[in-house]
Amino acid sequence: MSTPAELTPQEAAALAHVKAAEQAAAQIPVAAAVKPRDIRHAAVIGAGTMGGGIAMALVAAGIPVTLIDANDDGLARGLARIRDNYDGSVKRGKLDVATRDERLGLITGSTSIADVKDADIIIEAVFEDLGLKQGIFRELDLHARAGAILATNTSGLDINEIAAVTKRPQDVVGAHFFSPAHVMRLLEVVRADKTSDDAVATLMELGRRMGKVSVYARVYPGFIGNALFRNYNREAHFLVEDGALPHEVDAALKDFGYAMGIFAVHDMAGNDVGYQTRKAQMTTRANDRRWNDLIMKLVEMGRLGQKSGKGWYRYEAGDRTPHRDPEIEQYIVDESARMGIARRPISRDEIIKRCMYGMINEGAKLLEQGIALRASDIDIVYVTGYGFPAKRGGPMYYADQIGLANVYRDIVRLHEEYGYWWKPAPLLDKLAASNGRFADL
């Protein structure tokens with residue numbers, strides 16, 4: 001981040017907004033008399049990368065954890081990964097040996113779900129599969145003690161459908177951590193229809209104990225963060241189909257202030273992340289709108305990203321630097337022709353508008369429907385969890401600076417040109433007409 005001397009007045013104001021947004025996020029709609037439940041012991045279901053990271057975040061707050069996996073091999077891998085993470089921190093001087101040993105001593109492994117019996121909170125962190133999660137929550141209903149909080153780390157499934165399989169929906173809440181969970185500061189706390197006030201308050205407070213920024217949300221596909229990210233991601237891919245190349249989109253985003261462009265991020269995370277889910281959705285999705293399937297085709301070509309040496313870019317052995325690859329660039333050009341799209345030069349300005357304004361429009365829908373409490377909550381989710389440049393204050397703050405009438409005018413034009421995905425949010429229409437701002441809501 002820039003030092004204060006290097007900041008423009010606009011950037012300094014944006015950073016002040018981010019700081020205020022973080023404090024405001026703690027104010028949630030529960031009665032002042034509601035007290036968080038006491039959390040002295042936790043259980044985490046699933047010893048994968050996410051479950052292990054959540055366990056590490058909990059023990060860093062001094063909370064003993066029972067880490068449960070379906071089988072001995074999975075549990076052993078998970079415990080070994082946790083030890084490796086701690087050993088790496090010791091090597092880098094971020095952690096001393098005594099603290100590492102103390103934290104490892106707070107984690108107990110198990111392959112029996114019945115071992116949740118003493119936990120005050122149970123956090124499920126298995127694959128993003130509704131049926132699998134519902135099966136686990138049916139078992140938790142049998143084994144968890146009365147009054148235990150049952151949290152799901154889903155990144156966007158309907159938590160009402162998970163809560164419905166239990167006899168205690170008031171105790172079920174969304175706890176969307178971001179990977180790696182022991183490092184990333186954002187925690188989306190998601191209230192389902194029957195979640196009690198004290199369950200929400202408990203998770204918000206637990207997030208604070210773990211050093212997280214806890215942000216309240218309601219049930220919606222993708223909650224706050226992934227709901228906006230879908231729009232950002234989709235437009236970036238459409239831009240590549242329309243005439244830009246991956247390095248051009250990424251360069252514009254880095255120039256805007258992102259540490260990495262989206263295609264470099266895909267390559268780092270693995271282009272195959274979410275592949276099976278998307279593949280399953282393709283058979284039932286609506287055919288009245290445009291979809292972006294280029295990333296699916298890359299996976300089928302074996303271009304998984306850094307781990308395979310090729311993705312949207314190519315990589316040299318032992319080096320994570322993305323290099324342009326004429327092979328994939330030609331493939332993209334050929335795909336545009338196959339789809340009947342006449343490619344054209346695309347400016348930096350268009351790249352930024354299409355990537356940012358899609359998020360802003362979606363944010364307006366979340367505010368209108370009460371999914372997000374306030375515009376600044378959306379901003380802090382994006383700055384804390386998605387790499388949005390802090391010196392621009394977050395997507396909704398950025399929109400206020402441009403002027404909502406200007407944003408709305410461009411979205412109307414994009415809707416006329418590109419259709420379905422750009423339908424303007426009614427709230428944005430209303431604010432633009434009255435010279436309003438998201439900050440005034």
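Take Thr99 and tell me if it is farther than 26 Å from Val173 by Cα and among the β-branched types (Val, Ile, Thr).
Values: farther than 26 Å from Val173 by Cα: yes; among the β-branched types (Val, Ile, Thr): yes.
Yes, satisfied.
For residues that are in contact with a Pro (Cβ under 9 Å, 6 or more places away or on another chain) and over 24 Å from Pro389 (Cα atoms), tally how many sit in the stretch 1-51. Result for the stretch 1-51: 5. Pull out all pairs, ordered by first then second residue, where Cβ-Cβ is under 6 Å, the residues are six or more apart or on different chains, the first lies in the stretch 203-224 and is among the hydroxyl-bearing types (Ser, Thr, Tyr), and the second is buried (at least 24 other Cβ atoms within 10 Å of the Cβ) and outside any strand (DSSP E or B). Here the result reads Ser214/Gly207, each pair linking the stretch 203-224 to a residue that is buried (at least 24 other Cβ atoms within 10 Å of the Cβ) and outside any strand (DSSP E or B). For the condition assigned to a helix (DSSP H, G or I), in contact (Cβ under 8 Å) with a residue 12 or more places away in the chain and not basic (Lys, Arg), Leu67 does not qualify. Checking each residue in the stretch 50-94 for being of a type in the set (D, E, K, R) and either closer than 21 Å to Phe137 by Cβ or under 23 Å from the mean Cα position of the chain (by Cα) (or both) picks out Asp69, Arg81. Leu95 fulfils the conditions (1) more than 30 Å from Leu132 (Cβ to Cβ); (2) in a strand (DSSP E or B) except for a single criterion, (2).
Against the list (1) outside any helix (DSSP H, G or I); (2) surrounded by 15 or more Cβ atoms within 10 Å (Cβ to Cβ), the condition Pro345 fails is (2).
When the residues of the stretch 287-308 are filtered to those that are small (Gly, Ala, Ser) and surrounded by 14 or more Cβ atoms within 10 Å (Cβ to Cβ), which remaining residue is nearest to Thr277 (Cα to Cα)? Don't jump to the end; show me each part of the working.
Here is the first cut: in the stretch 287-308, the ones small (Gly, Ala, Ser) are 302, 305, 308.
Okay, now just the ones that are also surrounded by 14 or more Cβ atoms within 10 Å (Cβ to Cβ), so 305, 308.
Values: Gly305: 19, Ser308: 21 Å.
Across the stretch 287-308, the extreme among qualifying residues is Gly305.
Residues Val30, Val65: which one is surrounded by 17 or more Cβ atoms within 10 Å (Cβ to Cβ) and modelled with pLDDT under 95?
Numbers: Val65 fails: modelled with pLDDT under 95.
After applying the criteria, what remains is Val30.
For the stretch 400-430, filtered to residues that are buried (at least 23 other Cβ atoms within 10 Å of the Cβ) and free of Cβ contacts under 8 Å to residues at least 40 places away in the same chain, the residue that is farthest from Leu186 (Cα to Cα) is Tyr408.
For the stretch 136-158, the set of residues classified as within 18 Å of Gly174 (Cβ to Cβ), out of contact with any helix residue (DSSP H, G or I) (no Cβ under 7 Å at 6 or more places or on another chain) and not charged (D, E, K, R) consists of Ile136 only.
The values are calculated or read from the model by the stated rules, or taken from the named source; none is laboratory data. Remember, predicted model here, so these are calculated numbers, not experimental data. We place every Cβ from the backbone using ideal geometry, glycine too, and count neighbours over all the protein chains shown.
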